[in-house]
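Below is one structure, written out as structure tokens; comments come after it.
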Amino acid sequence: MKYLKQILPWFLTLLLLAGMLYLLSILTGPKNNTQEAGHDAWAAYGFEAEAPDSIDMFMLGDSESRTSISPMELFHNEGITSYCCGINSNILCEVDDMLHLVLKEQHPKLIILECNVIFSPFDWKDALETTTARIFPVIRWHNRWKTLTPEDFTSIPDYTSVEVRKGYYHSTYADPAPPFLLDRYMEASEDREPLDGINRWYLKKIAATCRKQGISLVLMSMPSVKNWTSLKHNTCADLAAELDIPFVDLNEMREEIPIDWNLDTRDRGDHLNNDGMKKVCTWLGPWLKEQYALEDHRGDPAYDATWTDMYEEYVEWIS
Amino acid sequence: MLSYCSIEYLLVFLPVVFLGYQILPQTARRYFLLAASYGFFWYLSGPLVVWHVAVCLCVWLVGLRLQHLLDARGLQLKEAERSARKGIRAAYARRMSRWVIVAGVVCFGILLSLKYTPFFTENLNSLFRHLGLHLQLRVPSFAVPIGISFYTLQAMSYVFDVQKEKLQAERNLLRLTLWLSFFPLLMEGPIARFGATAEQIWNVPRIKGENFQKGLWRILYGVMKKMIVADRVNTAVELLYTEYASYDGGMVFLAAVLFTVQEYLEFSGTIDIVIGTGECLGIFLPENFNQPFFSKTISEFWTRWHISLGAWLKDYLFYPLSMSEPLKKLTKKCRTRFGNHYGPLVTSSIALFAVWLFNGLWHGAGWSYIFFGMYHFALIVTGNLLAPVVIGFCEKHKINRRVFPYQLFQMIRTAILVAIGEMFFRALSLKHGLEMFMIMIRHASVRSFADGTWLKLGMDLQDYLIVAAMIVFVFVISLLKERGCQVREQLYRRPVIVRALVTAMLISLVLLFGAYGTGYVPVDPIYANF
């Protein structure tokens, strides 16, 4: 009885706290996956507005993933339904969180993990914040108290805005890569890029989740003279061998994907622009079909509204 | 830098300490606290912890030596003739002073060498240049252990107290070391006295529910101050103090006010966390703030702000200087020449000058800090000089100095003077501080408030509103405290559900309104570098 009397106040405190955080999470969470609703990564979360079980492939990673592959391009060329969930300056614990969100309503056949994110540094505090924010989203959205509207008090989050570009970030701008970067781009080396233990742990966790769900996981590095090196390539090759998953380095496929670093990059060799993306997709589509037998959904009426009919709008966007 | 408000401290270090503390038997708890304190110190300062160990060893040995001399003096005095006692006392006082000087040389020597050598060397080089000498010394750079200025003063207070027979020297080195390294006190004080705290820290009780609950509330109150206000205004403060030349006087005044708010809420918030941590463990540490912005004069302000530093300076610098033979003689002379008010003022001003020079330098190795000290010295001396004039003026014009409007005027005047002092304190250098002051005077304007410049400092209207709301909250709590209401005591008497609701609400408020996540960089503990 004495023990119970000691525990009760703290149990009650935790219960009330959980209740308050739950309510605050509903209050502060954006009510839709749009910029107007206050979502800071509305494009990446647009898959939540797609029909359940309608997307066969997801691209996870940072900005490299969302600027190199356009799902609409893959759909138009090969009929593959996919989505880019890349977020700028992303970290692996966030990717893991995104994967769990994806698997709530989608059962993709393939996940492409863009490799640059593997090396982005983070620590246990970031991981803790991500995990806590998954349980109580107020941790992530707390700053929205500044822009709360009456609607926020009367509705619950419901993501319904179908994204035309399916997470792809388009740019028609061309800013050539500087010669000094080109000179040392993929310089041969036997060394390895060091990888923090926590990054390795999360990568294994992502691989295990995919394995458990029967999803094929591919490590793929997108072309980038600024971010990619032979050292990262070597580390990724080791990781892929260790986890028994394929690793495809597009930086090494200069014949198959002839990126012109004077024309196909929007920011001096960091990210690709539309022209660069098209080169990647031209090679990637057939390769995906060949390797993973992804279904061709063109002509399927279930995909008319959110894919076929939206292509024209997409073309307008990216031009 | 790790702060008492960080995830590492609040969610990892503290729970581990509380848990370990609770499950260990009492005799083991003190050693556990010692290990935790040094672990904390090591995490912050690495191998620089050796300087702390050196200070502990030094004051322990000097304390023992002083006690030995005191005991020997006692024996001699017992046996000595009455006429010989004065001589014995003087002889022992000289011998003890020598040992106090040894401790001072070691403790302040480490502090001066690590923290002030670059400043003194730069100034020497500057002097050489002005004298046309072709001699330039290499400016060294040393890593400084965390909280060195705090634990140095704390260590020396122990030596002085043993010398003055206020306490018996501690024979147990570990007990002294635990008092000097107790982790909540390490970074920003308060500068605790051995007599008031060492026993509590050594003979620690089991954690009690009441202490823990009240301590947790105090911690949460401190976290709110730091995360909702101090971290939020940081972007604006950084911008205004680096780009002040692009703004008018109104914005420079805003810079002074914002930094004063930031510093008060960061420092007092940290102290809340420190005292709250102690309370959770059943250790009651000294208060460091007593509603400073209710002060009517600058003198009063310094009895309410950073109380432990003010008390240290008063006890170990001001009084010994004022009571020294030369100053006593001078007081006598001045009293006959300038009267009973102004006479003692002359000598107390000499002691005050030393206090404020020390205070300024203690805060940092820079001319802006020395200026900060001198600024407050000038304000206090001016206040003392003008006191009879003001009283006379009020009596002549029948102004009642006890009515609220007059006292409010005094409080606002003091707060403005404090804010101006803080502007020099925060400025990147004394030159910058003076330039900011000149802008504030010469380009005084409210245009920046009218044209929306104040909303382009990394803080939007909502940020200002939440800062204002939090200031009102702190003001209400301060007012209740000022009127003798023990808020936490009152709350603790409420039913369990109310207590639980308060705790949950405080945590929720921090998580909702705290300035963390994207777009915010938490401010480093302002006083931890001192």
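The values are calculated or read from the model by the stated rules, or taken from the named source; none is laboratory data. Note that the structure is a prediction, hence the values are computed from the model and not measured. Please note: Cβ atoms are built from the backbone with ideal geometry, for glycine as well, and neighbour counts cover all protein chains shown.
Here are some notes:
- Scanning the stretch B:159-182 for residues that are over 24 Å from the mean Cα position of the chain (by Cα) and buried (at least 23 other Cβ atoms within 10 Å of the Cβ) gives a single hit, B:Ala169.
- Residues that are of a type in the set (D, E, K, R) and buried (at least 23 other Cβ atoms within 10 Å of the Cβ), drawn from the stretch B:183-228: B:Glu188, B:Lys225, B:Lys226
- The set of residues from the stretch A:4-29 being in contact with a helix residue (DSSP H, G or I) (Cβ under 7 Å, 6 or more places away or on another chain) and either in contact (Cβ under 8 Å) with a residue 60 or more places away in the chain or buried (at least 20 other Cβ atoms within 10 Å of the Cβ) (or both) comprises A:Thr13, A:Leu17, A:Met20, A:Leu21, A:Leu24, A:Ser25, A:Leu27, A:Thr28, A:Gly29.
- Counting only helices (runs of 4 or more DSSP H) that fall entirely inside the stretch B:50-166 and contain at least 2 residues that are free of Cβ contacts under 8 Å to residues at least 12 places away in the same chain, the qualifying elements are B:82-111, B:117-130.
- From the options B:Ser324, B:Ser308, residue that is in the same structural domain as B:Leu385 (by TED's automatic domain parsing) and either crowded, with 17+ Cβ neighbours inside 10 Å or not polar (S, T, N, Q) (or both): B:Ser308
- Members of the stretch B:488-510 that are exposed (fewer than 15 other Cβ atoms within 10 Å of the Cβ), more than 9 Å from chain A (Cβ to nearest Cβ) and among the β-branched types (Val, Ile, Thr): B:Val498
- Every pair of residues 6+ apart whose Cβ atoms lie under 8 Å, when the first sits in the stretch B:201-227 and is hydroxyl-bearing (Ser, Thr, Tyr) while the second is not in a loop (DSSP other than H, G, I, E, B): B:Tyr221/B:Gly269; B:Tyr221/B:Asp272; B:Tyr221/B:Gly276; B:Tyr221/B:Ile477; B:Tyr221/B:Leu506
- Exclusive hit being over 28 Å from B:Thr152 (Cα atoms), of a type outside the set (Lys, Arg) and not assigned by TED's automatic domain parsing to the domain that holds B:Tyr527, set B:Leu352, B:Leu357, B:Leu385, B:Leu361: B:Leu385
- For the stretch A:66-84, taking the residues that are closer than 19 Å to A:Leu103 by Cα and within 14 Å of the chain's Cα centre (by Cα), the one that is surrounded by the fewest Cβ atoms within 10 Å (Cβ to Cβ) is identified as A:Pro71.
- The set of residues in the stretch A:127-145 that are at the interface with another protein chain (Cβ under 10 Å from one of its Cβ atoms) and in a helix (DSSP H, G or I) comprises A:Leu128, A:Glu129, A:Thr132, A:Ala133, A:Val138, A:Ile139, A:Arg140, A:Trp141, A:His142, A:Asn143, A:Arg144, A:Trp145.
- Hits in the stretch B:17-47 - residues which are among the aliphatic types (A, V, I, L, M), surrounded by 15 or more Cβ atoms within 10 Å (Cβ to Cβ) and under 20 Å from B:Lys208 (Cβ atoms): B:Val17, B:Leu24, B:Leu33, B:Ala36
- Those residues of the stretch A:192-215 which are small (Gly, Ala, Ser) and over 16 Å from the mean Cα position of the chain (by Cα), in sequence order: A:Gly197, A:Ala208, A:Gly214
- Exclusive hit being polar (S, T, N, Q) and either touching a Gly at 6+ places or on another chain (Cβ under 9 Å) or surrounded by 12 or more Cβ atoms within 10 Å (Cβ to Cβ) (or both), set A:Thr154, A:Thr131: A:Thr131
- Some residue of the stretch A:103-124 being of a type in the set (D, E, K, R), over 10 Å from the mean Cα position of the chain (by Cα), within 14 Å of another protein chain (Cβ to nearest Cβ) and closer than 24 Å to A:Leu239 by Cα: yes
- Among (1) charged (D, E, K, R); (2) more than 14 Å from chain B (Cβ to nearest Cβ); (3) without any contact (Cβ under 8 Å) to a residue 60 or more places away in the chain, the one test that A:Glu151 misses: (3)
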